[in-house]
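J.: Submitted below is the structure of interest, expressed as structure tokens.
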DNA sequence: CTTTAATAACTGACCAGTCAGTTATTAAAT
DNA sequence: ATTTAATAACTGACTGGTCAGTTATTAAAG
């Protein structure tokens, strides 16, 4: 018993939170909040369950950390890309729709969003956080750009907030479809193809002749 | 203690299943599958928990019964209303969108659908059932009508299935919004107003000049 | 009297959260 | 350099509570 062998664990205080959040993201995405077991999150993060509680006080606080980590990188990118666009509304749509399609197809927004929808009733603070930090700003941003375009005569009369919902809705549907029905055999939607066709409908359906 | 008083319970074998399913629908809608407690379902149905097991073998079978009860009345009604419509596609949209809006606003499709989305990963048979019995037929029905309208030259070129998704998506979004974000203070969408504006965009964005 | 719908107390599994003890790491003392 | 003391990251067995499902018993109904 003189050979030291591999150490049972390392002390890596700085790295643990990120690793735990990443493992939690994966498990929450697969199982939802209630279905996610802390033992499994700990196992995937390579620590014991007890270690989770050194960094997060409760399961719900861990859930919060996951949601925040999924939101932060994306919201800022989209906002900045939209606000810096100088051209007419038709061109903005041509930029915006593929951007949204890309975020939906690749980021953690989709599975975490589904989780919020599924468990929001049981964890209202989560739904509130998701709404206040991600959804409402995004709807507000798009609504504002539509209202401005209407003032320039580029977009037809109509409620800007409803227009914003119409623009976003097919992407929400495609993501939920992928998360919910594709695993049980449904044919997926090609999100980029959807974005292209949606762009066609919106340009013909929303724009006046005054836009390019 | 000789007074008989009211009986402790009645034996109503024929009525129990419907009452239990109704109570289960309410509790599942509020809490989701994992969050719904059988004790609460039994209490609301006016029976003991043991009585549930006289009519349903497991919680999941009860969930199945709830899903079926929410689907059956609606799918048939919508299908029949659509298939009996004789006019051009523009007129069909004028009929279809308010119909969908009504179903979404009033029926149990919305909360149960949200439940399926939220818990589908953990209960794949449920997601499969919902897809096969409700969603796929509806998408197929709408897609077929779009393809027929394209053959008549009334609708522009494009994938009929994607068009169907574009038509349905805002209603899905409005319902999820109501279920998820309105309870935490978000401004609701007026689903009828959304239907009206959506109709305008679709008519201008999908139809050719050949339709009325 | 027999049948069976219905009850209510019960069981066993599961799991979030706890805590007493262990081990890696750092640093002070020799 | 080497030993020793102090610190804190980490572990894993444990607990208290919850809940789906079971069963012994009661009572309604013919």
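No value in this document is a laboratory result; all are computed from the given coordinates. Here the structure is a predicted model, which is why all the values come from computation and not from measurement. Please note: Cβ atoms are built from the backbone with ideal geometry, for glycine as well, and neighbour counts cover all protein chains shown.
J.: Could you give the alpha-carbon Rg of the range B:75-118 over 2.2 N^0.38 Å, rounded to two decimals?
T.: Details: Rg = 12.4 Å, N = 44, 2.2 N^0.38 = 9.3 Å.
After normalising by residue count via 2.2 N^0.38 Å, the value is 1.34.
J.: For the protein assembly as shown, just say rounded, prolate or oblate: build the C-alpha gyration tensor, square-root its eigenvalues into a ≥ b ≥ c, call rounded for a/c under 1.5, and beyond that prolate if a/b exceeds b/c, oblate if not. Intermediate values should be presented prior to the final figure.
T.: Values: a/c = 2.14, a/b = 1.16, b/c = 1.84.
Here the protein assembly as shown falls in the oblate category.
J.: A follow-up question, please. Once the Cα atoms of helix A:191-206 and of chain A are each reduced to a long axis, what angle between those two axes, in degrees from 0 to 90 to the nearest 10, is obtained?
T.: Its long axis makes an angle of about 30 degrees.
J.: Return the average number of partner chain Cβ atoms within 10 angstrom of each residue Cβ along peptide A:194-202.
T.: Values: counts 6, 1, 3, 10, 7, 0, 6, 11, 4.
Across the residues of A:194-202, the mean count of other-chain Cβ atoms within 10 Å is 5.
J.: Here's something else I'd like to know. Picking from B:202, B:54, B:172, which is most flexible by a Gaussian network model of chain B using Cα springs under 10 Å?
T.: So, out of B:202, B:54, B:172, the one fluctuating most is B:54.
J.: For a distance above 12 Å, tell me the whole-number percent of Cα pairs in the range A:116-173 that qualify. Let's see the in-between values first.
T.: Values: 1147 of 1653 pairs.
Counting pairs separated by more than 12 Å, the tail of P(r) holds 69 percent.
J.: While we're on this one: Can you tell me which of B:155, B:135, B:184 moves the most in a GNM of chain B? Springs connect C-alpha atoms under 10 Å apart.
T.: Comparing B:155, B:135, B:184 in a Gaussian network model of chain B, the most mobile one is B:184.
J.: At each listed q (0.08, 0.14, 0.16 Å⁻¹), what is the log10 of I(q)/I(0) that the Debye formula gives for chain B modelled as equal alpha-carbon point scatterers?
T.: At q = 0.08, 0.14, 0.16 Å⁻¹ the computed log10 ratios are -0.37, -0.90, -1.07.
J.: Calculate the length of the line joining the C-alpha centroid of the range A:17-37 to that of the range A:163-212, in whole Å.
T.: One Cα centre to the other: 29 Å.
J.: So what is the diffusion coefficient of the range A:1-57 in µm² per second by Stokes-Einstein at 20 °C and 1.002 mPa s, using a Kirkwood Rh over Cα pairs? Present the calculation step by step, with values, prior to reporting the outcome.
T.: Values: Rh = 12.3 Å.
Stokes-Einstein gives a translational diffusion coefficient of 175 µm²/s.
J.: Tilt of helix A:136-151 relative to the longest C-alpha principal axis of chain A, in degrees (0 to 90, nearest 10)?
T.: Between the helix axis and the principal axis of chain A, the angle is about 10 degrees.
J.: Further question on the same structure: Normalised by the residues of the range B:1-154, what does the relative contact order come to in percent, with Cα pairs under 8 Å and at least six apart? Provide the component values of the computation, followed by the final result.
T.: On the way: 86 pairs, mean separation 36.0, N = 154.
Rounded, it is 23 percent for the range B:1-154.
J.: Relative contact order, percent, of the range B:63-206 when contacts are C-alpha pairs under 8 Å separated by at least 6 residues?
T.: Values: 93 pairs, mean separation 42.5, N = 144.
In percent, rounded to a whole number, it is 30.
J.: Another question, if that's okay. Rounded to the nearest 10 degrees, what's the angle between the helix B:109-119 long axis and the longest principal axis of chain B, both from Cα atoms, 0 to 90?
T.: 80
J.: Here's another thing I want to ask about it. Which of these, B:121, B:178, B:11, has the largest mean-square fluctuation under a Gaussian network model of chain B (Cα springs below 10 Å)?
T.: B:11
J.: Report the label-to-label distance for residue B:95 and residue B:60 in nanometres (one decimal), using points 7 Å from each Cα along the Cα→Cβ vector.
T.: Spacing of the two 7 Å Cα→Cβ label points: 4.1 nm.
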